[in-house]
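Down below is the structure, laid out as structure tokens.
What follows is calculated from the coordinates using simple rules that are stated; it is not laboratory data. Worth saying up front: this structure is predicted, and the values here are computed from it rather than measured. For neighbour counting, all protein chains shown are included, and Cβ atoms are generated from backbone atoms with ideal geometry for every residue, glycine included.
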Amino acid sequence: MTSISRAVLVTGCSSGIGRETATLFARQGWTVYATARDPEAIADLENEGCRILALDVTDEASCTAAVEAVTAVEGAVGVLVNNAGFNELGAFESVSIDRVRAMFETNLFGLMRLSQLVLPGMRAQRAGLIVNVGSMNGRFAFPGMSAYSATKHAIEAVTDALRFEVRPFGIDVVLVEPGMVKTPLAETAVARRDPAADGVWADYNAHVVASALAASEQPMSALACEPRDVARVIVKAAASPGRPRTRYRVAPSAHILLTARRVLPDVAFDALLRRVVPVPRR
């Protein structure tokens, strides 16, 4: 009988949720392959017991090499945590379509390709878990984050279809839907921005940036969670004695806003958003 792999492959480990997830899995005795485009950025995770791999989720050769490296040693990837992703801030009209394409390549297509690559090994052992780190923005869109929300909506769809397809093979697919998380996601999005391209949206985009940066500060911080809170949920799903839940919400903001989105009509939900996010002015 083929032994079941307990090897965990985590993407996007250079900071935030990915780093905390790799660390927590390793501390609980799992075999962890932590990955990032620049392996030197995560070299310190070796001290936590992680094995380090270079992985650019937008590069086919890199994805294939990473999965083959794990499979050669472990027989299969037992748990895949699709966490790599980034955000772009700004009004829809002002965001470069090239940046939108790049975001889909990382947030969605990388997730899809890695999932395709690990599935043969999981099917062979008739066991496995794929954890997709989505967002509460997969269920509704924050103004000023239309493209990011679009990638997270797409992850919801992919996860639902894949969960149905692979269940007969003993493979589970889980979606984690964090709300506001105290990570560098907003700061790195701001660092990538080119304010000179904002045009007529300059004032609005400045407010969007300020709002994003303030999301982890008081009083909004009461609604946010730490990356380690998301990591705990991911590890909990992997360690579930039976089938894990299909979705996990993390952070008070996710519970509040996802419930509001479910029960409120569009007009009422838009009115709620106008109280918490910047509104364009003519």
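Gaussian network model of the chain, Cα springs within a sub-10 Å range: biggest mean-square fluctuation belongs to which of Ala191, Ala210, Ala224?
Ala191
Under a Cβ-Cβ cut-off of 11 Å, what is the net charge of the residues other than Leu9 that fall near it, where Lys and Arg count +1 and Asp and Glu count -1? The partial results should precede the final answer.
Details: positive: Arg51; negative: Glu74.
Around Leu9, the charge tally is 0.
I need the semi-axes of the equivalent ellipsoid of the chain: take the C-alpha gyration tensor, multiply each eigenvalue by 5, square-root it, list largest first in whole angstrom. All intermediate terms of the calculation are to be shown ahead of the outcome.
Numbers: eigenvalues 217, 81, 59 Å².
Ellipsoid semi-axes (Å, largest first): 33, 20, 17.
Nearest 10 degrees is fine. How inclined is helix 202-213 to the longest principal axis of the chain, computing both from alpha carbons?
Around 50 degrees separate the two axes.
Take Thr183, Thr58, Thr159 and order them by how many other Cβ atoms sit within 10 Å, fewest up front. Kindly include the intermediate steps, with their values, before the conclusion.
Numbers: Thr183 21, Thr58 15, Thr159 24.
Ranking Thr183, Thr58, Thr159 by Cβ neighbours within 10 Å, fewest first, gives Thr58, Thr183, Thr159.
For the chain, take the longest principal axis of its alpha carbons; what is the angle in degrees between that and the long axis of helix 227-238, to the nearest 10 within 0 to 90?
It is inclined by approximately 40 degrees.
Before rounding to the nearest 500, sum -39500 (n - 2.57) across all DSSP H runs of length at least 4 in the chain and divide by the residue total; then give [θ] at 222 nm in deg cm²/dmol. Show your work: numbers first, answer last.
Values: 10 runs with 124 residues, N = 282.
The helix-only estimate for the chain comes to -14000 deg cm²/dmol at 222 nm.
For Ser94, Ser3, which order do you get if you count the other beta carbons within 10 Å of each Cβ and list the fewest first?
On the way: Ser94 21, Ser3 10.
Lowest to highest Cβ neighbour count: Ser3, Ser94.
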